[in-house]
Each structure stands twice: as C-alpha cells, then as structure tokens.
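Asker: Encoded as structure tokens, here's the structure I'll be asking about.
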Amino acid sequence: MKKHFVALCLLFAAFFAVLVGKQSQVQAKTYTIGTDVTFPPFVYANSHNKYVGIDMELIRTIAKTEGFKIKIKPVGFNAAVQGVSSGQFDGIISGMTITKEREKTFQFSTPYYESGIVMAVAPKSNIKSLKDLKGKRVAVKTGTQGATYANSLKKKYGFKTVTFDDSDNMYNDVKTGNSAACFDDSAVLNYGVRTGLGLKIVTKPADIGKYGFAVKRGHNQKLMKMFNAGLAKLKKNGKYEQIIKKYTGQSATSAKKKANEKKDDASNTFAGLIKENYQAILTGLLETIKLTVVSIICATIFGILVGLLGVIPNKFSQGLSTTIIYIFRGLPLLVLALFIYNGVPSLTGSKIPAFVAGIITLTLNEGAYTAAFVKGGIDAVDSGQMEAARSLGLSFGKAMRKVVLPQGIKIMIPSFINQFIITLKDTSILSIIGILELTQTGKIIIARNLQGFRVWTIIAVIYLVIITILTLLSKWIERRIND
Amino acid sequence: MTNLKVDVTNLKKNFGDNHVLKGVNFKVADNEVVVLIGPSGSGKSTLLRCLNRLESPTSGKIIIDGRDISDPKTDIDLARQNIGMVFQHFNLFNNLTVGENIELAPVELGKLSKEEAAQQGKKLLKAVGLEDKFSAMPQSLSGGQKQRVAIARALAMKPDIMLFDEPTSALDPEMVGDVLEVMKKLAKEGMTMVVVTHEMGFAKEVADRVVFMADGKVVEEGQPEQVFDHPQNVRTKAFLDKVINV
Ligand SMILES: Nc1ncnc2c1ncn2[C@@H]1O[C@H](COP(=O)(O)OP(=O)(O)OP(=O)(O)O)[C@@H](O)[C@H]1O
Ligand SMILES: [Mg+2]
C-alpha cells in the first residue's frame with residue numbers, strides 16, 4: 001500500500017514536470033505579448049477570430065521589420081499587466097497609457113498614439129457634463145486610465161463608480177440604464193460610436209495621455225530597443241500613417257459600420273451567429289473539454305491521495321491532509337488561479353503556461369473537495385468493518401482496499417459526479433488568466449459584435465449540453481460499478 | 001508453564017483520564033474456556049480488545065502463544081492470524097458474499113488458494129449449519145445466521161484461540177441457542193476460548209473457569225459452580241443477584 005502510494009505521488013509530480021517543461025521550451029524563442037482583445041480599434045478580434053487593430057498591426061509590422069517573433073496572449077488588460085510584471089509575458093501592447101505610477105513597474109516605448117478620456121451616455125440621456133452626474137452611477141473598466149480619471153473626480157462631482165472587467169459589459173451597463181455614463185478612451189469610444197455602438201459622447205477629451213508599448217522595468221531591453229527602432233522606421237516611411245488611417249479613418253469606420261448593419265440580419269439570428277462564429281466557438285469548446293478532462297483526472301487522483309492520507313492512522317499524515325483541504329477549499333478559485341499564474345512566477349522567476357496554471361488551480365481546488373468527501377466516505381463506513389478485517393490479520397492497506405474502500409466508494413459516487421460537473425463549470429473562471437476556453441471566447445465575440453444576449457445564450461446552451469453528456473456518462477459508470 | 005496460552009500481567013489501559021484497566025492479571029491455559037463476566041463499564045471489552053491489540057495497552061505485559069503482544073515491535077498482523085475474534089455486532093463485510101467473507105483472509109494472506117479457501121468455506125458453513133448460504137449477501141441473513149458466519153470467518157484462519165465479545169447480546173432470544181450450540185461444539189473440540197457473555201447457563205455448562213471483573217480489576221475467579229453458588233466477594237454477589245433476578 002505504502003509503496004503504491006509513493007509511486008503514485010511520484011507519477012503525479014512527474015506528470016506536472018513534463019507538462020511545465022514541455023510548454024516553456026516551446027515558448028523560449030518568441031516574445032509573448034499580452035493584450036486585451038476587447039479594445040477596438042487598438043485590439044480586437046475580427047470575424048475570422050484574428051486579432052487586429054492598431055496595436056496588433058503595429059507590433060506585427062515592427063516584429064517583421066526588426067526580425068523577431070511574437071506570440072499574442074489575449075488575456076484581458078488586467079491579466080496582461082500582471083502577466084508582464086510577474087514575468088509571464090515579455091511585453092504588453094493594449095492601448096496602455098503612460099503614467100508615472102506605471103513607470104515605476106514598467107518601461108514604456110516612445111509613445112505611438114495620443115488620446116484622451118471622454119464620457120459617453122445613452123443616446124436619450126440628458127446628461128451633458130460632469131456636473132449632471134451627482135448621485136449617479138458611472139461604469140468604468142478595471143485598470144484603465146478612464147477608471148483612474150473617473151475615480152479622481154467622483155468626490156468632486158458626487159458620483160459612484162462601478163467596475164467592469166471588459167468594455168462590452170461597461171457599455172451595456174450604460175445602455176441598459178444601470179449606469180448613467182461611462183468613461184473610456186476617446187479613440188476607442190469614437191470608433192465605437194461611429195461603428196454603431198449605440199452611445200453618444202458628451203465631453204471633450206480630457207486628461208490627454210500617450211500610449212506606449214511596455215516591458216517590465218529592467219527586463220527585455222533588446223525587445224524595447226527593437227520596438228522603438230521599428231516604430232521610428234514606420235513613422236518615417238509612412239506605414240504608421242497608413243495603419244492609423246486604416247483603423248480610424250472615415251472610410252474604415254463607415255465600412256465597418258455598413259458591415260455591422262449588413263451583418264445585423266445574420267447576427268440577429270442564432271443560426272447566423274453560430275455560422276459566423278462556428279470556428280471560434282468550437283475551438284473554445286475544445287479547450288474547455290480539454291481543461292475539464294485533464295483537471296478531472298488530476299483532481300481525482302490528487303483528491304483520493306489526500307483523502308487517503310487523512311484516514312491513515314498517523315497524526316502527521318492526517319494533519320497534512322486536513323491542512324491541504326483547509327487551504328485549497330478555503331481559497332476562492334479566482335484568487336488561487338491568479339496566485340498560481342501571476343504570484344508564483346514573480347516569486348520563482350519561471351513562467352507557467354496559462355493552461356498548466358489552470359490545471360494546477362483546478363487540481364488543487366477540486367482535489368481538496370474530492371479529498372474531503374473521500375475522507376467522509378471512508379469515515380462513513382462502520383469502524384467495525386476495519387476492526388473485523390484487522391482482527392483476521394489483514395494489514396491496514398489490505399483491509400482498506402478489500403473491505404472499507406469498496407463500501408466507501410459506493411457512498412462517494414454521487415459526490416464524484418457532482419464534483420465532475422462543478423469542475424466543468426469552474427473551468428469558465430479560468431478565463432481570468434486568459435485561457436481561450438468557451439467563456440473567454442464568448443467575451444471576445446461579444447466585444448466585436450455586441451450581441452451579448454444571443455452569444456451568452458449560445459454559450460449557456462453549450463455548457464448545459466456538455467453537462468448533460470457528462471452526467472449521463474457518470475451515471476452509466478455508476479451503474480456499472482454498482483452491478 | 002509451557003501450556004499457558006494467554007499471560008497478562010499488570011495490564012493498565014487509560015482513555016485519557018479514564019483509567020479503564022487498573023492492573024489486570026489474567027491467564028488462560030491451553031484448551032481452556034474462560035468466561036468473563038462483570039458489570040457494564042468494568043472493562044471486559046477493553047481487556048479482550050487489548051489481547052489482539054485493537055486497543056494498545058498503556059502499560060503491562062501481554063503474552064499470547066509466546067508472542068509479546070504488548071511490544072510495539074511485534075508483528076501484530078502475524079500474531080492476529082492466530083487469534084480469532086467474534087464481535088457483538090458481527091461486522092460481516094457488507095461488500096462481500098458469505099463465501100467471500102470466509103475466504104478473504106486465508107487467500108489474501110497466502111494461506112490457501114482460491115479453490116482451497118472455497119472448499120474450506122463450504123465445510124465451515126456446514127459446521128455452523130449454513131451450507132446453503134454460501135452465495136448469499138450478509139444483508140439477507142438473520143442476526144443469528146450472521147453471527148454463525150462470523151464465527152466461521154474467524155475459524156477460517158485456523159486460530160489457536162478465539163475471543164468472543166458478547167456474541168449473543170444483539171440477537172433475538174430465539175436465535176441465541178443456535179450460536180451457543182456452535183460455541184459449545186467448538187469448546188468440545190478443544191478450542192481455547194475467552195468469552196464475554198451474560199449467558200450464565202452457557203458459562204455453567206461450558207466454562208472451565210469464570211472470571212469476574214469490576215472497576216477495571218479482576219475481583220474474583222474460579223470454577224463456575226464455585227463462583228456462581230458460593231461467591232466470596234460482595235460485588236460478585238451483588239452482580240449475580242442482579243443478573244439472576246433479571
Ligand atoms: N475507545 C474508547 N475511548 C474512550 N473510552 C472508552 C473507549 N472504549 C471504552 N471506553 C471506556 O472504557 C470503559 C470500559 O469500557 P468497556 O467497553 O471495556 O466495558 P465493558 O465491561 O465491556 O462494558 P459492557 O458490558 O457495557 O460492554 C467505559 O467507561 C468506556 O466508556
Ligand atoms: Mg463490552
């Protein structure tokens with residue numbers, strides 16, 4: 001029993017080591033760049049789910065002229081900022097304003113764009129200036145300059161702010177009337193308004209800021225040098241102007257608006273939406289399934305090991321088991337994911353791929369729950385069963401395997417099925433560290449087409465379908481075990 | 001004394017502040033049947049469970065078959081193979097059939113092959129009068145049947161000594177006889193037995209010696225007639241009065 005236990009532990013550790021090792025090797029040669037793909041015209045996903053926009057075009061062109069490779073990580077603004085400061089990513093380009101505060105941690109390139117903060121309200125709103133906001137609610141997006149600006153004014157003008165993780169949710173809150181206004185980058189809002197966002201801008205750009213590409217202070221100096229050199233070249237040869245025009249010029253936005261209007265017929269139907277985003281959704285779904293299957297396997301092994309540790313008659317192992325369960329059941333999944341993905345690398349200095357960080361997160365969290373019910377299931381077997389087996393001369397391990405576990409497992413099966421379903425649902429939380437699973441895919445699609453209700457309906461239905469399949473599968477296995 | 005099966009000297013057992021055994025001396029000879037009686041909470045079960053180290057003693061010495069059970073270095077699993085135990089609540093393995101209950105230990109411990117164990121199982125079931133229950137699940141048996149299977153299961157390891165902790169107290173009265181019958185047969189075949197029971201009739205008929213425990217100590221012991229008919233200690237008298245009046 002003990003030998004098997006040790007062997008299993010080793011196998012488990014080796015599995016992780018291989019996962020981590022393999023992935024970091026692949027990434028060693030290219031620069032990983034974090035960004036937020038819900039930020040048109042700077043970064044967004046086009047209808048082929050390719051990341052485009054001013055920032056994307058700039059960095060790609062510069063990479064080509066300067067001869068380096070990049071890998072775009074569409075993780076959202078917050079995660080991108082944290083990812084660069086923790087060393088997960090090499091740089092960030094995401095319409096990021098250069099500020100004193102940020103310069104403490106980051107080193108910025110020569111500015112590549114100038115923009116200010118404007119206020120937008122619903123089309124029929126009679127709010128015209130900051131003064132009208134007294135007692136009202138204002139939507140902002142976390143970590144953006146617009147949020148900083150709004151927060152600096154809220155005392156003076158007497159409004160409250162509510163924070164969203166991406167632009168779409170922020171705009172929607174204003175459109176539905178929950179919030180009276182939102183603050184965002186003027187270029188972004190201008191682009192949105194002209195392409196049919198359904199909000200109107202009521203203030204002049206304020207708090208003018210400059211956008212820069214950033215790396216962690218003192219790191220990736222070569223990358224920074226190449227970016228600056230490349231940007232200078234593009235400005236000289238006119239390519240820079242072309243790119244800006246391409247995304248903000250009258251022709252670009254009106255074309256996009258027309259496209260949006262034309263597409264509306266298609267986008268207004270579920271069938272049209274599915275047809276249009278079929279590829280992206282399928283990729284997201286596949287990632288969700290991969291995450292679910294791998295985490296269920298890892299969490300189940302981990303949970304059973306920790307659960308068994310908790311029933312071995314040894315104070316140390318019981319204490320260890322209780323502590324593991326206490327910590328990882330107690331930590332919110334979101335905190336655990338961010339801690340493993342951003343916190344641990346800044347401590348150890350080595351990167352963890354998001355997928356692996358996601359698996360580790362789910363393994364620890366779901367595994368802790370599994371351990372708790374494995375322990376509970378074994379404890380629920382009458383202690384007389386163990387005593388009778390031991391009285392015959394069977395060792396603890398044999399008694400456990402032949403007598404107690406088979407009875408305990410029957411008690412645990414419903415909990416296992418339940419935990420599998422929870423694991424599947426919890427994969428959606430991993431969108432926070434930028435894993436392109438189903439939920440994150442939904443967010444990105446909505447950032448482009450603003451069809452929140454329909455897209456979330458489609459995503460919800462897909463989740464229900466796979467949960468149903470998973471449940472049926474589990475029930476089938478349950479029946480086979482019970483027979 | 002070479003024919004001493006059990007030799008317990010100055011055994012003490014505490015559960016925290018609760019001093020349950022306060023220096024017990026207890027001997028059992030080869031082929032002897034000892035019945036252990038005493039009021040509830042006097043420590044009978046605890047003594048019995050110390051004999052195969054289901055409880056580890058606080059201090060004192062326990063020798064069974066020459067093996068020092070109280071020594072933590074003793075391979076207790078090996079020692080237990082020779083010490084059968086029958087519990088008040090049977091504790092049949094609920095996930096296994098009657099036959100598998102009996103076969104499990106000999107097969108797992110490498111004593112018998114699967115076929116040999118099955119053969120032995122059928123023989124043992126026949127001896128306890130349940131040959132038709134080989135493939136039944138424990139849940140389908142009556143209490144008396146369960147306890148007879150439990151005895152067969154303990155015997156499957158061919159122990160030198162059998163410990164019984166109130167084997168009939170959880171049974172309906174009409175089932176008690178069947179179980180006692182099996183135990184009597186076992187005694188006649190020369191099995192060394194330590195039996196905790198309130199069945200005074202059984203004690204009188206089968207026991208070589210009756211040991212009366214009270215308050216964590218052996219208070220009185222002797223041949224059944226002597227203890228039952230002429231108890232020397234007041235507590236023995238008080239206890240017997242109560243039991244017989246019930
Ligand atoms: N595992 C345990 N933990 C704590 N106290 C215990 C434990 N087992 C027994 N005791 C205590 O030890 C004392 C003696 O118990 P024991 O079961 O040996 O008595 P007994 O003579 O068998 O009584 P009965 O006739 O009721 O079975 C009781 O006070 C009981 O509460
Ligand atoms: Mg008792």
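The values are calculated or read from the model by the stated rules, or taken from the named source; none is laboratory data. The structure presented is a predicted model; accordingly, all values stated were derived computationally and were not measured. So basically every Cβ, Gly included, is an ideal-geometry build from the backbone, and we count neighbours across all protein chains shown. Just the protein is used for accessible areas: all its heavy atoms, side chains included, with ligands, DNA and RNA removed. Shrake-Rupley method; radii C 1.70, N 1.55, O 1.52, S 1.80 Å.
Asker: Taking region B:89-125 as the search range and keeping residues that are of a type in the set (Val, Ile, Thr) and open to solvent by 10 Å² or more (accessible area, probe 1.4 Å), which one is farthest from the other protein chains (Cβ to nearest Cβ)?
Answerer: Filtering region B:89-125 for residues that are of a type in the set (Val, Ile, Thr) and open to solvent by 10 Å² or more (accessible area, probe 1.4 Å), the one farthest from the other protein chains (Cβ to nearest Cβ) comes out as B:THR97.
Asker: I'd like the residue in region A:327-339 that is open to solvent by 70 Å² or more (accessible area, probe 1.4 Å) and in contact (Cβ under 8 Å) with a residue 24 or more places away in the chain and, out of all such residues, is farthest from A:SER85 (Cα to Cα).
Answerer: My answer is A:ARG329.
Asker: With region A:46-116 as the region, which helices (runs of 4 or more DSSP H) entirely inside it contain at least 3 residues that are open to solvent by 50 Å² or more (accessible area, probe 1.4 Å)?
Answerer: A:54-66, A:100-105
Asker: Can you tell me which of (1) in contact (Cβ under 8 Å) with a residue 40 or more places away in the chain; (2) out of contact with any strand residue (DSSP E or B) (no Cβ under 8 Å at 6 or more places or on another chain); (3) within 11 Å of ligand 1 (Cβ to nearest atom) is the one B:SER42 doesn't meet?
Answerer: If we test B:SER42 against (1) in contact (Cβ under 8 Å) with a residue 40 or more places away in the chain; (2) out of contact with any strand residue (DSSP E or B) (no Cβ under 8 Å at 6 or more places or on another chain); (3) within 11 Å of ligand 1 (Cβ to nearest atom), just (2) comes out false.
Asker: Let me spell it out: the conditions are (1) over 23 Å from B:LYS184 (Cβ atoms); (2) buried (at least 19 other Cβ atoms within 10 Å of the Cβ); (3) within 10 Å of ligand 1 (Cβ to nearest atom); (4) within 14 Å of chain A (Cβ to nearest Cβ), and B:GLU55 meets all of them except one. Which number is the exception?
Answerer: (2)
Asker: Shifting gears a bit: Criterion first (in the same structural domain as B:LYS184 (by the TED database), among the hydroxyl-bearing types (Ser, Thr, Tyr) and more than 16 Å from ligand 1 (Cβ to nearest atom)) does B:THR74 satisfy it?
Answerer: It is true that B:THR74 is in the same structural domain as B:LYS184 (by the TED database), among the hydroxyl-bearing types (Ser, Thr, Tyr) and more than 16 Å from ligand 1 (Cβ to nearest atom).
Asker: Now for a different question. Hey, any hits in region B:228-235 for a residue that's within 14 Å of another protein chain (Cβ to nearest Cβ) and within 16 Å of ligand 1 (Cβ to nearest atom)?
Answerer: no
Asker: Any residue at all in region A:196-204 that's out of contact with any Cys (no Cβ under 6 Å at 6 or more places or on another chain), of a type in the set (S, T, N, Q), open to solvent by less than 80 Å² (accessible area, probe 1.4 Å) and assigned to a helix (DSSP H, G or I)?
Answerer: No, every residue in region A:196-204 fails to be out of contact with any Cys (no Cβ under 6 Å at 6 or more places or on another chain), of a type in the set (S, T, N, Q), open to solvent by less than 80 Å² (accessible area, probe 1.4 Å) and assigned to a helix (DSSP H, G or I).
Asker: B:ILE151 fails exactly one of the following numbered conditions: (1) over 13 Å from B:ILE37 (Cβ atoms); (2) open to solvent by 10 Å² or more (accessible area, probe 1.4 Å). What is the number of that condition?
Answerer: (2)
Asker: Just to confirm my filter: which helices (runs of 4 or more DSSP H) fall fully inside region B:168-246 and include at least 2 residues that are under 28 Å from B:GLY143 (Cα atoms)?
Answerer: Here the list reads B:173-188, B:200-206, B:234-245.
Asker: If B:GLY66 satisfies all but one of (1) in the same structural domain as B:VAL211 (by the TED database); (2) buried (at least 18 other Cβ atoms within 10 Å of the Cβ); (3) free of Cβ contacts under 8 Å to residues at least 24 places away in the same chain, what's the number of the condition it fails?
Answerer: (2)
Asker: Return yes when B:SER42 is hydroxyl-bearing (Ser, Thr, Tyr), more than 13 Å from the chain's Cα centre (by Cα) and either open to solvent by less than 30 Å² (accessible area, probe 1.4 Å) or within 16 Å of ligand 2 (Cβ to nearest atom) (or both) and no when it is not.
Answerer: yes
Asker: Something else now. Kindly indicate whether B:ILE69 is of a type in the set (A, V, I, L, M, F, W, C), more than 10 Å from every other protein chain (Cβ to nearest Cβ) and within 28 Å of A:VAL404 (Cβ to Cβ).
Answerer: yes
Asker: Next up: Among the candidates B:VAL86, B:VAL28, single out the residue that is open to solvent by less than 40 Å² (accessible area, probe 1.4 Å), under 13 Å from the mean Cα position of the chain (by Cα) and more than 16 Å from ligand 1 (Cβ to nearest atom).
Answerer: B:VAL28
Asker: Among the residues of region A:141-170, which ones are assigned to a strand (DSSP E or B) and out of contact with any Asp or Glu (no Cβ under 8 Å at 6 or more places or on another chain)?
Answerer: A:LYS160, A:THR161, A:THR163
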